[in-house]
């Protein structure tokens, strides 16, 4: 699994959000962006992570940072997750996990003694020029927001 590091170009993407709208990395040119990858909509850890991002949206907005969540769920599953928790930010459907793969957020995981391929919970802060500012792999659901806010507060 290749991992991204600060200074790397963020892999481009074009994915459908929960409303069926195409969202591209290039849509955020000139702005900072927090992207987080989560395994499955409406599961306990993913709900904690997504609700934390939702609750910090105003802080991110004041800092000029947009947010996107990405999982292998279908757009309709993302829409149900959004409605249930009032997330109100783009949740992108990476159903073939190609984008997760490009970001190094797809690989071997284990749960209940079984190994399988899946999302490695990860988050990325991307600068206004489309470069990775920070990358966090195997991040805990509650750590996504504090990690990002701390990185934004640090001088570049």
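The numbers here are math on the coordinates, done by the rules we state, and not lab data. Note that the coordinates shown come from a computational prediction; the quantities given were computed from them, not determined experimentally. Positions of Cβ are backbone-derived with ideal geometry, glycine not excepted, and every protein chain shown enters the neighbour counts.
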Unit Cα scatterers, Debye sum, segment 14-153: log10 I(q)/I(0) for q = 0.14 Å⁻¹: -0.58
Highest-first arrangement of 32-41, 72-81, where packing means the average Cβ count within 10 Å: 32-41, 72-81
Segment 31-106 versus segment 119-137: alpha-carbon centroid distance in Å: 13
CD proxy at 222 nm, helix term only [per DSSP H run n ≥ 4: -39500 (n - 2.57); per residue of the chain; nearest 500]: -8000 deg cm²/dmol
